[in-house]
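A.B. asks: Provided herewith is a single structure, encoded as structure tokens, for subsequent inquiry.
The values are calculated or read from the model by the stated rules, or taken from the named source; none is laboratory data. Since the model is a prediction, treat every value here as computed from it, not as a measurement. Glycine also receives a Cβ, built like all others from the backbone with ideal geometry; neighbour counts cover every protein chain displayed. For the accessible areas, the whole protein counts, side chains as well, though only heavy atoms, and no ligand, DNA or RNA atoms are used. Shrake-Rupley method; radii C 1.70, N 1.55, O 1.52, S 1.80 Å.
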Amino acid sequence: MESSASHAQVTAIWRYPVSSMAGERLVSADVGTTGIKGDREWGVYDCAADRIAYPGREKRSLAVPRGHARVGKDGALEISTDGIVWGTPTSASSLAALSDLFGFPADVRPYQAANGFQPRYVRSPIHLLTTAAMQTLRQALPNSIIDERRFRPNLLVDVASGADPIPENSWIGREIRIGDVILRGSSPCGRCGFTTLEQDGLPLDVEVLRTIVKRFGRNFGIYCEVLSAGEIRLGDRVVLGGIVN
């Protein structure tokens, strides 16, 4: 049996072209079996340490979330230190500016098995978070700025707050229809130190992760796999189906 998840709808779509750097809000997104087109296809490489940067785990990389990335009109990656002046990952001046911001010699590289540069985690294609979960956390942390950018969802779904503090947890294992796309909730999203880090307009806040760990066992939002590809648009209704094995 299908339900509309209490009239839930997509209120934000996010793409993060470079892992750990700030992403971009979209009006619509093409979703394939590996996720939103152009999402997390690049990573920040620390040339001095000779490895990928880990902003959620080490002080050396704490400034990485302050960098910006987007996909340009021609489909090419663009990077920026301020979200105003943009360059390419092949531009020496753009990389020098990122290096100055991050505090280490940085490169931005595509994830490719051929060159041995791999993501530091195995991600599910789509990360979904509800506004109800966000409101639950705001109530727990009234003095904190609870902004979706701390949690980097691909889809923010507007769901009225109710008895369930994180309603998307009950969507795990179920079919989730959004626009032309069919998802399946696959697992809770375990959180790390990235949720506490400073970003543009967001201060450092260690209480965010402490509260998620204490109240929700570290999980906040869910991962989803893509069962049927298509397009998702802002305002699309979210319809829940039954359990999918």
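A.B. asks: Whenever you get a sec, compute what percent of the accessible area on the chain sits on carbon and sulfur atoms (1.4 Å probe).
C.D. replies: Looking at the chain in its full context, I get 49 percent from C and S.
A.B. asks: Still on this model: At 0.36 nm per residue, minus the direct Cα-Cα distance, what do Ile145 and Ile243 gain on full extension? Give it in nm, one decimal, please.
C.D. replies: Working: separation 98, 0.36 × 98 = 35.28 nm, distance 3.51 nm.
Full extension from Ile145 to Ile243 adds 31.8 nm.
A.B. asks: Probe radius 1.4 Å, ligands and nucleic acids left out: which of His68, His7, His127 has the largest accessible area, and how do the rest follow?
C.D. replies: Working: His68 30, His7 150, His127 10 Å².
The most accessible residue leads, giving His7, His68, His127.
A.B. asks: Which residues' amide hydrogens lie under 5 Å from the amide hydrogen of Gln9, considering only partners 5 or more residues apart or on another chain, with H built in the peptide plane?
C.D. replies: Asp158, Val238
A.B. asks: In addition: What's the magnitude of the charge dipole for the chain around its Cα centre, counting Lys and Arg as +1 and Asp and Glu as -1 at the beta-carbon? Answer in Debye, nearest 20. Provide the component values of the computation, followed by the final result.
C.D. replies: Working: 28 positive and 27 negative charges, 123 e Å.
Its charge dipole is roughly 580 debye.
A.B. asks: Of the listed values (i) 20.2; (ii) 18.5; (iii) 18.1, identify the label whose number matches Kirkwood radius over Cα pairs in Å calculated from this model.
C.D. replies: Read-out taken from this structure: (ii).
A.B. asks: Which order do Ser99, Ser80 take by accessible area at a 1.4 Å probe, largest first? Write down the numbers at each step before the final one.
C.D. replies: Values: Ser99 25, Ser80 5 Å².
Output order, biggest surface exposure first: Ser99, Ser80.
A.B. asks: At 1.4 Å probe radius, can you tell me the per residue accessible area of the range 97-245 in Å²?
C.D. replies: Values: 6640 Å² over 149 residues.
Averaged over the residues of the range 97-245, the accessible area is 45 Å².
A.B. asks: Looking at the range 26-81, which GluC sites (Glu not before Pro) are in a loop (DSSP not H, G, I, E or B) and have at most 14 other Cβ atoms within 10 Å?
C.D. replies: Values: sites: Glu41, Glu58, Glu78; in loops: Glu41, Glu58.
Within the range 26-81, the qualifying GluC sites (Glu not before Pro) (loop, at most 14 other Cβ atoms within 10 Å) are Glu58.
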